[in-house]
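Each remark here refers to the structure printed beneath this line.
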Amino acid sequence: MSVSAVVPAAVARPSRTLVCVPATARAPREMAAELGAAAALGADVAELRLDCLAGFAPRRDLPVLLAEPRPLPALVTYRPKWEGGEYEGEDEPRFEALLLAMELGAEYVDIELKVVDKFMKLVSGKKPENCKLIVSSHNFENTPSAEELGNLVAQIQATGADIVKIATTATEIVDVARMFQILVHCQVPIIGLVMNDRGFISRILCPKYGGYLTFGSLEKGKKSAPAQPTAADLINLYNIRQIGPDTKVFGIIGKPVGHSKSPILHNEAFRSVGFNAVYVPFLVDDLVQFLSTYSSLDFAGFSCTIPHKEAAVRCCDEVDPIARDIGAVNTIVRRPDGKLVGYNTDYVGAISAIEDGIRASQPTDPTTSPLAGRLFVVIGAGGAGKALAYGAKEKGARVVIANRTFARAQELANLIAGPALTLAELENYHPEEGMILANTTAIGMHPNVNETPLSKQALKSYAVVFDAVYTPKETRLLREAAECGATVVSGLEMFIRQAMGQFEHFTGMPAPDRLMRDIVLTRT
Ligand code: NAP
């Protein structure tokens, strides 16, 4: 397998990257309708995948598919099985169909590198001026070395291709950096994409590196290649029209990461303040390798989630002292000198949410934290538990830890110099009035919405109850705490605030509070 290469500097190209929607219907009229649907989405090109048509008859069906006026320029592909398509017949009829498509005015025709010589003999000067020939190579195993990819580009260029297309497969996200190098250095128009989840960023960031075209499906589940985004997401979520060489790249590093709502939140927030940046999911196996590959100033900041929050502490050049104590970094910012600085906005988000919840419900001294001097019980001793415990202690609270695994409760309690309890002891724990409770376990999280970490009877001892769980928005714990008269603070508030903290670290601007709240409450 090839070695990873550092991501290159971006490059400006005269034309913008086109968004192409594959049309994969089984019937010609449906496929023709897909062109109209793709145009309505704002795509630039539609790829007619002739190999998807059932009982395709070129002389009967191509005039329907390529009838003028067409809603979009057509890229005609008739992919054989041996190159990942569905066509199982001989090459000659396939070539004849592609030639006919050229004659009928197709703007692009795609032919595989493996058979391009044979195809060119048949075409022999019959290719119309306005038809561009894409010569393509697909690798469903891996992404070769930069040198091998360079040789492949040269080989395709030598065939007389108007456009080079290379699609490879990512086994790791760092493979994509080699494709970006190829895009940057190619002297002819090139489509360079890396398939599967680990190659996803190639589909979003290719405009930054001068890629000619990227594919987006008509709708979810209709993709023609692994991990292809929808055209709507390319255009509306990732703002692909605005991505250029100067666009800064941010994203969430995790594994898994595909479910994350952070791209929706941050891309829209960036757009609202006119910040030239895109936020993508990074599916990362090895954090050290990822950070040393995507090391240019263009990769300006990262959110970190499971399982990389702890490793992120070691990967940063500087770490905020409380984040270091907690042992978890959820935000990394690249300074202009290239150094990585780590923060933990989880604890800031949770603690400020609890403070503001208390301030809103009772008169408090504005000069000190309303947590100062209060007894603050944390249930859980994992990542969120540590964040809450250190954050509360920092504000002057007296922190108590209760956890299912008592040894872990003791370990965290020792670190913050407080007592540890078992969950059974917590049921009858009532040393004083006005206590604050923070649940940081997943108890009560969807789908186990009937579970709760503490009985309603025990909840009567608390004045304030916070739950880190935010699916559902109102957990059983919060509902019962409210019924007992406590001030309740939702985990959703923590989620919104940790994201706002990240936005401020990333952009240096105040977060668009109302917008981010609206997105979290209505779209995530
Ligand atoms: P974690 O590191 O895996 O820690 C999980 C903690 O929950 C441990 O203390 C564990 O106890 C305890 N626990 C798990 N299942 C339990 C059960 N059935 N009964 C009793 N205790 C149980 O997880 P984390 O990252 O801290 O996340 C914990 C929760 O916080 C999750 O629900 C997560 O979604 C939420 N969270 C919310 C936000 C937000 O923005 N609102 C941010 C971060 C996390 P043991 O030590 O005994 O295993």
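Observations on the structure shown:
- Heavy-atom SASA rank of Glu355, Glu425 (probe 1.4 Å, accessible area, largest first): Glu425, Glu355
- Contour excess over end-to-end distance, with Cα ends at Lys114 and Asp162 and 0.36 nm allotted per residue: 15.6 nm
- Annotation for segment 298-349: trypsin sites (Lys or Arg not before Pro) lying in DSSP loop with at most 15 further Cβ atoms inside 10 Å of their Cβ are Lys339.
- Accessible surface for segment 366-510, divided over its residues, is 43 Å² per residue with a 1.4 Å probe.
- Reference-scaled alpha-carbon Rg (2.2 N^0.38 Å with N residues) for segment 245-357: 1.05
- Principal-axis analysis of the Cα atoms of the chain puts helix 146-157 at an angle of about 30° to the longest axis.
- Computed FRET value (nearest 0.05) for Trp82 with Arg16, which takes r as the C-beta separation and R₀ as 45 Å: 0.85
- Value of [θ]222 nm, deg cm²/dmol, for the chain, DSSP H segments ≥ 4, -39500 (n - 2.57) each, nearest 500: -10500 deg cm²/dmol
- Judged by the ratio a/c of the largest to the smallest principal axis of the C-alpha gyration tensor, segment 70-125 counts as oblate, that ratio being 1.5 or greater while a/b is no larger than b/c.
- Helix 491-507 axis, angle to the chain major axis (alpha carbon atoms, nearest 10°): 60 degrees
- For Lys118, the aspartates and glutamates whose Cα falls under 12 Å of its own Cα, not counting residues fewer than eight places away in the same chain, are Asp91, Glu92, Glu96.
- Relative contact order computed over segment 11-101 (Cα-Cα under 8 Å; 6+ residues apart), in percent: 27 percent
- Note on segment 203-337: antiparallel DSSP beta bridges, both residues inside, total approximately 20 percent of the bridges counted.
- From most to least packed by mean Cβ count within 10 Å, the peptides 439-449, 173-183, 457-467, 249-259 give 173-183, 457-467, 249-259, 439-449.
- Of the trypsin sites (Lys or Arg not before Pro) in segment 56-139, those whose Cβ has at most 15 other Cβ within 10 Å and which sit in DSSP loop: Lys126
- Shape call, the chain: gyration tensor on alpha carbons, a/c limit 1.5: prolate
- For the chain, averaging the sequence separation of C-alpha pairs within contact (under 8 Å, six or more residues apart) and dividing by the residue count gives a relative contact order of 10 percent.
- If R0 is 22 Å, the Cβ-Cβ spacing of Glu432 and Arg359 corresponds to a FRET efficiency of close to 0.60.
- The distance separating the Cα centre of segment 183-199 from that of segment 419-453 comes to 51 Å.
- Carbon and sulfur %, accessible surface of segment 318-437 computed with the full protein complex present, 1.4 Å: 51 percent
- Cross-link partners of Lys248 among lysines, defined as those whose alpha carbon lies under 29 angstrom from its own and excluding same-chain residues fewer than eight positions apart: Lys165, Lys208, Lys220, Lys223, Lys261, Lys309, Lys339.
- For segment 334-434, the spherically averaged projection of the C-alpha convex hull amounts to 8.3 nm².
- Solvent-accessible area per residue for segment 1-84 (1.4 angstrom probe, square angstrom): 43 Å²
- Taking the Cα centre of segment 214-297 as origin and assigning +1 to Lys and Arg Cβ atoms and -1 to Asp and Glu Cβ atoms, the resulting dipole is close to 200 debye.
- Placing +1 on each Lys and Arg Cβ and -1 on each Asp and Glu Cβ, with no other charges, gives the chain a dipole about its Cα centre of roughly 420 debye.
- Approximate spin-label separation Glu425-Asn130, in nm, with each point projected 7 Å along Cα-to-Cβ: 8.1 nm
- Estimated D of segment 241-298 in µm² per second, where Rh is the Kirkwood radius over Cα pairs and Stokes-Einstein applies at 10 °C, 1.306 mPa s: 129 µm²/s
- Each of Ala417, Ser296, His505 was placed along the dipole of the chain (beta-carbon charges, centred on the mean Cα), and the one lying farthest toward the positive end is His505.
- Net +/- balance of residues flanking Ile519 in space, Cβ distance below 12 Å, scoring K and R +1, D and E -1: +2
- Beta bridges per DSSP, both residues in the chain: antiparallel share near 10 percent.
- Farthest toward the positive end of the dipole of segment 350-470, out of Asn403, Thr367, Ser352, is the Cα of Asn403, where the dipole comes from beta carbon charges about the Cα centre.
- Whole-angstrom gap from segment 375-394 to segment 116-132, using each part's C-alpha centre: 68 Å
- Multiplying the residue separation of Glu318 and Thr405 by 0.36 nm and subtracting their alpha-carbon distance yields 28.1 nm.
- Cα gyration tensor shape for segment 2-103, rounded if a/c is under 1.5, else prolate or oblate: oblate
The values are calculated or read from the model by the stated rules, or taken from the named source; none is laboratory data. Just so you know, these numbers come straight off a predicted model, no measurement behind them. Note: ideal-geometry Cβ built from the backbone for every residue, glycine included; neighbour counts use all protein chains shown. For the accessible areas, the whole protein counts, side chains as well, though only heavy atoms, and no ligand, DNA or RNA atoms are used. Shrake-Rupley method; radii C 1.70, N 1.55, O 1.52, S 1.80 Å.
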